[in-house]
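Below: one structure, written as structure tokens.
The values are calculated or read from the model by the stated rules, or taken from the named source; none is laboratory data. All values derive from a computational prediction rather than experimental measurement. Virtual Cβ from ideal backbone geometry, glycine too; neighbours counted across all protein chains shown. Note: accessible area is taken over every heavy atom of the protein model, side chains too, but ligands, DNA and RNA are not part of it. Shrake-Rupley method; radii C 1.70, N 1.55, O 1.52, S 1.80 Å.
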Amino acid sequence: MAYVALSEAEKTFILHGVEVISSVPLFNSLFKVSLFLQEDFRCDGRSRRDYRPMELETGLVSNASGSARLRLANTDILVGVKTEIDVPNPLTPEFGKIEFFVDCSANATPEFEGRGGSDLAQELILSLQNAYESPLAFDYRTLCLIPGQQCWKLYIDILILECGGNLHDAVSLAAKAALYNTKLPRVTATLLDAGITDLIISDNPYDCTRIGTDAVPLLVTVCKIGDYCLVDPTAEEEVCSTVSMVVSVSMRNETPFLSGTHMTGGGSMHRDTMLNCIQLGLSMGEQLNKLLVKMLKAEETRVGPKRPKTVGFLK
């Protein structure tokens, strides 16, 4: 993560924003008493279950099969999906392939200059690979063209333009939006002599198929600060946290399921705290998925591509 220099006073201020932050003066005839109330109120005005403002755009990269750009406050992510036909893995002849690549732009933070962001990029790649590994989280069979011979291979390229905290969540949201926006050309298989199969790819940009993204997982980072767990940590809050749990949530039949977890940071968690983090991650993952699907459908209805009407001799 991008390093943010904070003094001890600033860390204490953030910690008190998560824990006890409200002082209410009580007056009587003899003296004044300040009563501290336990409230769910962070230093930026959010509760521990609130996300920062989010902006989403799709179809920005014309040379990609699908693309999306997500802005989560100061975090800016651009994702592009490229497709090609490849040979399936012999161990999984009926499955397609997905490959992730993460690039940390030096404009995001000076620490990413040179190879400064390679460790973070590798961490994000492993998180996404583990989340998409289960066939229940992503149906790889939909990418297979001819079992054992031909399949689609998706290259999901992720560019971090600005780093403002909570990269795991932002990257997973942008990746799912880009997959939703991805269009695969319609492929027809023809059998030639000697049992050879030839693939004919449609060159009509409107004759395409979509990828099913209902079960595509989202990552929810649950950050532990003090004795409390919160979601969508800012870069400053990440500095104050010793340990976080990244929860991978997949939706099946409108029910959230846990598809993976891993820890980040050098601290440790009690068993009860881990269970609370998983429950919070599942709850927030369900809400995020509903919000994301609603945003994608609304944008597709508003500016989505429509098949042009043919006129004259073009009919």
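Numbers below:
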| quantity | calculated |
| --- | --- |
| Checklist (1) touching a Gly at 6+ places or on another chain (Cβ under 6 Å); (2) closer than 15 Å to N289 by Cα; (3) aliphatic (A, V, I, L, M) applied to V243, failing item | (2) |
| The stretch 247-279, subset part of a helix (DSSP H, G or I) and of a type outside the set (V, I, T), residue most open to solvent (accessible area, probe 1.4 Å) | R271 |
| Subset tally (residues that are without any contact (Cβ under 8 Å) to a residue 12 or more places away in the chain and closer than 15 Å to P217 by Cβ) for the stretch 256-291 | 2 |
| Residue within the stretch 280-291 that is surrounded by 12 or more Cβ atoms within 10 Å (Cβ to Cβ), more than 30 Å from T182 (Cβ to Cβ), at pLDDT 90 or above and of a type outside the set (F, W, Y) present | yes |
| Among the candidates E57, E84, E113, residue that is among the charged types (D, E, K, R) and over 30 Å from R141 (Cα atoms) | E113 |
| Hey, A137 open to solvent by less than 40 Å² (accessible area, probe 1.4 Å), in contact with a Gly (Cβ under 9 Å, 6 or more places away or on another chain) and not in a strand (DSSP E or B) or not | yes |
| Residue match in the stretch 90-102 (condition: over 30 Å from L258 (Cβ atoms) and open to solvent by 40 Å² or more (accessible area, probe 1.4 Å)) | yes |
| Residue within the stretch 112-132 that is touching a residue at least 60 places away in the same chain (Cβ under 8 Å) and in a loop (DSSP other than H, G, I, E, B) present | no |
| Out of K315, K294, K309, sole residue that is surrounded by fewer than 19 Cβ atoms within 10 Å (Cβ to Cβ), modelled with pLDDT of 85 or more and not hydrophobic (A, V, I, L, M, F, W, C) | K294 |
| Filter result (out of contact with any strand residue (DSSP E or B) (no Cβ under 6 Å at 6 or more places or on another chain) and among the polar types (S, T, N, Q)) within the stretch 210-235 | T213, T234 |
| Residue tally, condition within 18 Å of the chain's Cα centre (by Cα) and either open to solvent by 50 Å² or more (accessible area, probe 1.4 Å) or of a type in the set (D, E) (or both), over the stretch 60-71 | 3 |
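Yes/no matrix, rows are residues, columns are (1) part of a strand (DSSP E or B); (2) at pLDDT below 80:
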| site | (1), (2) |
| --- | --- |
| F41 | no, yes |
| L60 | no, no |
| L91 | no, no |
| V102 | yes, no |
